[in-house]
């Protein structure tokens with residue numbers, strides 16, 4: 001549970017330095033279609049910055065809650081351009097009750113159905129047919145997630161109700177997005193500028209989606225009236241992604257989702273160290289501990305969404321055998 005100051009300062013400074021370097025390269029290269037490569041690299045850098053903002057919001061970086069709050073606000077709203085207030089409110093509810101119907105906002109979607117009941121609620125033949133194919137649409141839809149994250153955050157910041165540091169957050173978001181668009185239009189022609197922003201948002205959304213989707217999609221869904229103890233609530237609904245330190249880097253430590261849910265304020269580099277202890281403890285208690293590879297997890301997400309879209313039916317299963325099976 002010790003802080004990892006050196007680890008986080010290196011990454012915070014590295015994000016700022018790489019961002020400055022990309023800005024210089026962007027201006028020097030000028031108006032060319034090669035700038036789309038810079039757009040993709042910028043998207044990857046923004047996702048890495050968002051991981052740092054996530055860690056700060058969980059108070060993983062500093063002992064001081066005030067320092068963590070400010071770093072998360074600066075990184076998420078000023079560096080990435082997202083709404084910190086909207087994301088933190090949603091993410092806190094998710095941690096309190098992962099995959100629980102009516103409590104976890106991550107499984108309450110107007111686009112995807114995560115339960116057979118949500119599939120039944122789809123209206124019209126087209127809506128129901130799309131639900132049966134939602135696994136095929138899921139990954140292409142992630143290309144729009146970058147736009148969705150920015151829009152939802154800004155809408156929440158400008159909305160009504162109590163909002164901590166609303167004015168500062170709005171100023172940070174507008175400053176980030178305004179300066180970004182202005183610089184792109186200053187260097188590139190309108191057509192290239194639109195393509196640059198489109199590629200950056202698409203790659204950012206896809207990267208964020210591929211980092212978060214394997215964590216819980218396809219794991220058990222908890223009915224609203226079921227109560228589960230803390231250990232099972234966090235372990236049974238979470239999935240770890242196996243791999244070396246390159247996977248830790250690519251997924252921002254979210255590959256240790258079980259440990260992150262059990263110890264949300266634990267510094268990211270310590271999750272790998274505590275994982276064997278958690279795995280052994282769960283084994284001793286008979287609590288299922290799920291760990292798989294990234295390709296397998298993405299395949300599981302695909303099959304789960306399609307199965308739910310078919311209202312939980314397996315079209316390849318024999319009905320008689322399914323009925324008689326114990």
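Remarks
- Remark: spin-label model distance residue 20-residue 44 equals 2.2 nm, labels positioned 7 Å along the Cα→Cβ axis.
- Each stretch of four or more DSSP H residues adds -39500 (n - 2.57); spread over every residue of the chain, this sum gives -21000 deg cm²/dmol at 222 nm.
- The stretch 157-311: relative contact order in percent, alpha carbon pairs under 8 Å with at least 6 residues between: 22
- For the stretch 239-255, the residues whose amide N sits under 16 Å from a probe point set 7 Å from the Cα of residue 272 along the beta carbon direction are 241-255.
- The stretch 34-106 shape via C-alpha gyration tensor axes, a/c threshold 1.5: oblate
- Normalised contact order of the chain, rounded percent, pairs of Cα under 8 Å and 6 or more residues apart: 25
- Rounded to 10°, Cα long-axis angle of helix 294-309 versus longest principal axis of the chain: 60
- Each label was represented as a point 7 Å from its Cα along the Cα-to-Cβ direction; for residue 228 and residue 90 these points are 2.2 nm apart.
- Taking every alpha-carbon pair under 8 Å whose residues sit at least 6 apart, the stretch 1-154 reaches a relative contact order of 17 percent.
- Förster radius 45 Å - calculated FRET efficiency between residue 280 and residue 160 (Cβ-Cβ, nearest 0.05): 0.40
- Calculated FRET efficiency for the pair residue 189/residue 242, C-beta based, R₀ 35 Å, to 0.05: 0.15
- For the residues 81, 178, 161, a GNM of the chain with alpha-carbon springs under 10 Å puts the largest fluctuation on 161.
Every number here is computed from the coordinates shown, using simple stated rules; none is lab data. Bear in mind the structure is a predicted one, so any value in this text is a computation, not a measurement. With ideal geometry, Cβ positions are generated from the backbone for all residues, glycine too; neighbour counts draw on all protein chains shown.
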